[in-house]
1. Can you tell me the convex hull volume per residue for segment 389-438, based on C-alpha atoms, in Å³ to the nearest whole number?
2. How high is the relative contact order of the chain? Use alpha-carbon pairs under 8 Å, at least six apart in sequence, and give a whole percent.
3. Please enumerate, by chain and number, the lysines with C-alpha under 19 Å from the C-alpha of K466, excluding those fewer than 8 residues away in the same chain.
4. Percent antiparallel among DSSP beta bridges with both residues in segment 59-185, to the nearest 5?
5. Treat every Asp and Glu Cβ in the chain as -1 and every Lys and Arg Cβ as +1, leave all other atoms uncharged, and give the resulting dipole magnitude about the Cα centre to the nearest 20 debye.
6. Classify segment 426-489: rounded, prolate or oblate, from the alpha-carbon gyration tensor (a ≥ b ≥ c, eigenvalue square roots; a/c under 1.5 rounded; otherwise prolate if a/b is larger than b/c)?
7. Pairwise over distinct Cα atoms, reciprocal of the mean inverse distance: report the Kirkwood radius of segment 296-438 in Å, one decimal place.
8. Kindly identify segment 167-295 as rounded, prolate or oblate by the Cα gyration tensor criterion: order the square roots of the eigenvalues as a ≥ b ≥ c, call it rounded if a/c is under 1.5, otherwise compare a/b with b/c, prolate if a/b is larger, else oblate.
Amino acid sequence: MPHAPRGRNVATMNAMTYALRRFALTIGVCAAATAACATRATEPKDMPKFTNRLAKEKSPYLLQHAHNPVDWYPWGEEAIARARREDKPIFLSIGYSTCYWCHVMERESFSDPAIAALMNERFVNVKLDREERPDLDEVYMTATQLMTGQGGWPNSLFLTPKLEPFFAGTYFPPDDKWGRPGFRSVLQGIGDAWTARRRDVDEQARELGDAIRHHLGGRVAPGAGVPGPALFDAALHTLAHRFDPTWGGFGEAPKFPTPSNLMLLLEAAEGGDAEARRMLAATVGHMARGGLYDQLGGGFHRYATDREWKVPHFEKMLYDNGSLLELYARAWALFGGPAGDPELARVVRETVAFLEREMLAPEGAFWSAIDAETGGQEGAFYVWTAAELEGALGAEDAAFLAPLYGFDRPPFFEHLHYVLHLPRPLAEQAERRRVGYEELLASIGPLRERLLVARASRPRPATDDKLLADWNGLAIAGLAVAGRLLGEPGWLQRAARAANFVLGTMRPRGEGGGQTLLHAWRAGVGEVPAFLADYAYLVHGLLELHEATSEQRWLDAAVELTDEQRRRLAHPDGGFYNAGGSADLLARARELFDGASPSANGLALLNFVRLAERTGDRAYRDEAERALRGFAPLAEAQPAAARTVAIAVRRFHATADSTARGGDSVAVAHSAEETVDLVTAELELSSPGDDGWRPFLLRLRIVPGWHVNTAEAPAGFGAAIVEAVDGELRALQLPPRSRKLALGRSEPLPVWEGEVEIRGDLRANADAAPALRVVVQPCDESRCLAPLTLVARHRAPSL
């Protein structure tokens, strides 16, 4: 799928794009439009006719091309040296093993002996797995976006021997069609330009190389201070403008789950924002009922091709499922836990079961991805005809299940197929049928099992079995959060086993005795040093494991990895480079914007805030503050793209200098004009029930003349946050609001003033004292001060 332009400024990128596109016209071809992404990893059939250097590689993606007639090289010094020695251009093809259009181009072009002969004669041909070298992928995807205005995989580029690109596109059909130049035409045009118009080629390469270095490696002066809480409000406000009120999610088709969007909503909803809560509930509900979610096998596909989440692009990625597992577990707790939406718990349990059944490596960590296609047909493993459904179920059971799973109407996928989905929530279906929810599930269970057995007899899509430290970090976090919230110790053990593998096998000792984390591992081999995402995502998982188990070893490992991250990747302006320096890298980026996965710098910031709290070491907070100053200009200019950074900013302010000093309430001033007496908090608790939940009354007292904004405040105005210090909340009941006219506003804001009573249920974690953390921003008629953090502890035996 197309990618939003990355980097410093979208307008600047667009200006560069128009200037750089002109060269394509001088060689008689134009860059192809992007193609959709998908998955696959095929093995050669029988005795291959051709074998090239890629047969010795470990990457599943490279191995898919090992029997092309193309004289492929893996990325490395051998290929670069040959290009320089023979003064030939490099054709660089970047993809990944589960990319659908990569498979199409491999079948159509790279397996064609005539096209391969043209490639071998005029180019040094290099294959690169983007998941093994995300740093190189970022550089050359930026080149494609600058030249064409869009990007995708396969990413097809032509480089000088200096590794500077001068022409780029994505998928090319073998011959001219669909308004695209065919790959033959591209090869001939580029080859002719290299020999006949070399000066133009070199000039274009220098121009594009400079643009990439400026775009990815250019320095931006740090801000004067840390962004204020308004950054979070602005990010939330821009997200709300794109919300689809009918089907949930954001924008039109195609629709991606984009975990950073949902985590932003979750953060706001946990703080009492009713509108964020509504958007989150709608989105997680529709996603879980659509074809995006595998209704038989559990787990989420990559994205939906339609607005209704009904027809997915069928690949399954570990990073999506790890992030969404954490999200759905936290959403389940937010929306009432056992007393809330049972469908959220079902999705959590089925997703864990999917990971354990289909993605768990013998070593204990998790494989990377499952392909979308089987035998060249996308979705073939997952979709059904009416005859197949009736054959597996029988006519009577098929008629029973059809309205529940959406095959009681005409087929809507290719070749008269259905994608199973839930047109209405199962709880609603149970009510319509006048049975209980659990009773309906019990009646559906054996029928789903029959369909699973029938599906299992089909040829399976291939699995990319490499182990990545960053994606395993997200899976570890998801399992740890889900295990803690849903009370499943087995999930915590699964997370611990994966963490042990990554920390042990993927962090070997060097000759000097030191350790360096590796990014990827397959077939007993790992060579590429870790990237920022490996550290950030893995530390996130370790901190969640520590929170879930209280085992000191996970916190110790998080501290050790964070120190290694600082030594290897620290940026002089704060924050971190995405990758270590290397001779084959045109630019070292320091990315803060979110993509399909959360921003690694954003998650690193969240880790620093948590480490400061967990360890009491002020140095971590200082590191977060320095990074936030460095990111301030970019984040404030484009808050919609910096959602994870916005969450980090919110938590940074919410925990500013807060320490428990004893007593029932702690308030900490943040400026000379504040006092600790503007807002105080008292907590009263009833005795716990058998399940550990305790009704509470939280009483806020606000000094006359001051007020605090509530959850309905618009972007730019801080809202009150109530959360458990070390436990869970449910059934939060917020009191009525007053209305106050804020400075610069024509409409009054909803506020609390005077004495405010907030009720709900609190359950503290084992061995933790029950307490609530309250974050409020005191305001008077003309100003708002920096947020206050109050920690309210129990002071009365009953309500």
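Every read-out reported here was derived from the displayed coordinates using simple, explicitly stated rules and does not represent laboratory data. Since the model is a prediction, treat every value here as computed from it, not as a measurement. For neighbour counting, all protein chains shown are included, and Cβ atoms are generated from backbone atoms with ideal geometry for every residue, glycine included.
1. Working: hull volume 4.3 nm³, N = 50.
With only Cα atoms used, segment 389-438 gives 85 Å³ per residue.
2. Values: 1676 pairs, mean separation 94.1, N = 799.
Reported as a whole number, the value is 12 percent.
3. Within the straight-line cut-off, K466 pairs with K56, K58, K127, K316.
4. Working: 10 of 19 bridges.
Close to 55 percent.
5. Values: 89 positive and 105 negative charges, 226 e Å.
For the chain, the charge dipole is close to 1080 debye.
6. Values: a/c = 3.52, a/b = 1.40, b/c = 2.51.
The shape class here is oblate.
7. On the way: mean 1/r = 0.0595 Å⁻¹.
Evaluated on segment 296-438, it is 16.8 Å.
8. Values: a/c = 4.71, a/b = 1.67, b/c = 2.81.
Oblate is the answer for segment 167-295, as a/c is 1.5 or above yet b/c matches or exceeds a/b.
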